[in-house]
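Trainee: What follows is a single structure, and I will ask about it in a moment.
The values are calculated or read from the model by the stated rules, or taken from the named source; none is laboratory data. This structure is a prediction, so every number in the text was calculated from the model and none was measured. Cβ coordinates were reconstructed from backbone atoms using ideal geometry, including for glycine residues, and neighbour counts include every protein chain displayed.
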Amino acid sequence: MAERGFSPGEVDGVWGRKSIAALRAFQQSQGLEADGVLGPKTAAALFPNDGQEQQRLSPALVWFEEARRQFGTAEVPGPASNAKILQWATARGIPYRGDDIPWCGLFVAHCIGSTLIGEPLPINPLGARNWARFGIASQPRLGAVMVFWRGSRDGVYGHVGFYAGEDATAYHILGGNQSDSVSVARIARDRLLAARWPISARTIETGRVEVAAGANALSVNEA
C-alpha cells in the first residue's frame, strides 16, 4: 500500500483501522467499491502485472488472521481480568464486566469489528446464538463464523468461533473462551446451528479444510 502512495503508517503486520483507511482510499482511486476488504479485484488493481503477488494476497481473511494472532490469549485466574479482553469490549462499546463472563462472542466481535470496520455486528454480540443472524448464510469453510448449541439444541446457551478445519466427526474451531483461552477445539458436527459469512467479504471464496482428528477429545462445554 505504501509503495502505491497510500501509507497506513508504521508497518507492524497488524490489519487495523489505518490499514483499512489506506485500502479504502486506494479502492476509491481505482473506482472500486471502497469496502476496505482485500478481495480479488483489489489485489488485481494493486499488482496488475504480478499474478503471483495477486494470488498471495487474495483471499485476505483479515478477521481470521486476527483470530490467529490472538492465539493463546487467556483469562487471568482469580478475581482479576485480562486487560486485553476487557479492551476488546471497550473498543466495540460492549458492556462487559470481567473475563469470568463467557467471552466467545466478544472474541468474534473483536476479530470482525477491528478488521472489517463497516461490518454490522449482531445485537448483543456476547450472546453466542445471536451470531446465527450475522452476515449471510454460508457453508462451513475456512474463516466462517460457526455457531453451536451448548447444553441443549433448544436451549439458550451456545458457542461461537471460526472454522479452522474439520475431520470425520468434528469441526475444528478457533475461538475464545475455549479452555479459558483462545485456542482450537474439536466440536461435534451435530452441534452446529449455523455457519455465517461477513457481508463485506462476500466476494472472497474459501473452502473446507480436512485435518486429522489427532488425540484431542471433543469439547462438550465451552463455558
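Trainee: In segment 156-185, which residue that is assigned to a loop (DSSP other than H, G, I, E, B) and β-branched (V, I, T) is nearest to G72 (Cα to Cα)? Write out each step before concluding.
Mentor: If we filter segment 156-185 for residues that are assigned to a loop (DSSP other than H, G, I, E, B), which is where we start, we get 156-157, 167-169, 179-180.
Okay, now just the ones that are also β-branched (V, I, T), so 156, 169.
Values: V156: 28, T169: 25 Å.
Filtering first and then ranking leaves T169.
Trainee: While we're on this one: Tell me yes or no: at least one residue of segment 102-114 is of a type in the set (A, V, I, L, M) and modelled with pLDDT under 95. Walk me through it before giving the result.
Mentor: From segment 102-114, those of a type in the set (A, V, I, L, M) are 106, 108-109, 112; that's our starting set.
Then keep just the ones that are modelled with pLDDT under 95; that gives none.
Looking for residues that are of a type in the set (A, V, I, L, M) and modelled with pLDDT under 95, one finds none in segment 102-114, hence no.
For every residue, the table says whether it meets (1) part of a helix (DSSP H, G or I); (2) crowded, with 17+ Cβ neighbours inside 10 Å; (3) in contact with a helix residue (DSSP H, G or I) (Cβ under 9 Å, 6 or more places away or on another chain); (4) at pLDDT below 90.
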residue: V37; (1), (2), (3), (4): no, yes, yes, yes
residue: A45; (1), (2), (3), (4): yes, no, yes, yes
residue: Q52; (1), (2), (3), (4): yes, no, no, yes
residue: Q55; (1), (2), (3), (4): yes, no, yes, yes
residue: A60; (1), (2), (3), (4): no, yes, yes, yes
residue: A67; (1), (2), (3), (4): yes, yes, yes, no
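Trainee: Of the residues R141, R97, R153, R133, which single one is of a type outside the set (F, W, Y) and under 29 Å from P79 (Cβ atoms)? Lay out the reasoning, then the answer.
Mentor: Details: R141 fails: under 29 Å from P79 (Cβ atoms); R153 fails: under 29 Å from P79 (Cβ atoms); R133 fails: under 29 Å from P79 (Cβ atoms).
The match here is R97.
Trainee: Please tell me if E222 is outside any strand (DSSP E or B), closer than 24 Å to K84 by Cβ and not aromatic (F, W, Y). Full working, then the answer.
Mentor: Details: outside any strand (DSSP E or B): yes; closer than 24 Å to K84 by Cβ: yes; not aromatic (F, W, Y): yes.
Yes.
Trainee: Among the residues of segment 119-140, is any in contact with a Gly (Cβ under 8 Å, 6 or more places away or on another chain), within 17 Å of R68 (Cβ to Cβ) and not charged (D, E, K, R)?
Mentor: Checked segment 119-140: no residue is in contact with a Gly (Cβ under 8 Å, 6 or more places away or on another chain), within 17 Å of R68 (Cβ to Cβ) and not charged (D, E, K, R).
Trainee: Related question: Within the set of pairs 6+ apart or on separate chains, which have a first residue in segment 25-46 that is closer than 15 Å to T203 by Cβ and without any contact (Cβ under 8 Å) to a residue 24 or more places away in the chain, a second that is surrounded by fewer than 17 Cβ atoms within 10 Å (Cβ to Cβ) and acidic (D, E), and C-beta atoms under 9 Å apart?
Mentor: Q27/E33; T42/E33; A43/E53
Trainee: Could you tell me which of the residues G78, G143, G118 is surrounded by fewer than 16 Cβ atoms within 10 Å (Cβ to Cβ), in contact (Cβ under 8 Å) with a residue 40 or more places away in the chain and assigned to a loop (DSSP other than H, G, I, E, B)?
Mentor: On the way: G78 fails: in contact (Cβ under 8 Å) with a residue 40 or more places away in the chain; G143 fails: surrounded by fewer than 16 Cβ atoms within 10 Å (Cβ to Cβ).
Testing whether each residue is surrounded by fewer than 16 Cβ atoms within 10 Å (Cβ to Cβ), in contact (Cβ under 8 Å) with a residue 40 or more places away in the chain and assigned to a loop (DSSP other than H, G, I, E, B) leaves just G118.
Trainee: Pick from L126, L86, L106: which is more than 15 Å from L61 (Cα to Cα), in a loop (DSSP other than H, G, I, E, B) and not basic (K, R)? Quick ask: steps written out before the conclusion?
Mentor: Numbers: L86 fails: in a loop (DSSP other than H, G, I, E, B); L106 fails: in a loop (DSSP other than H, G, I, E, B).
Unique residue meeting the criteria: L126.
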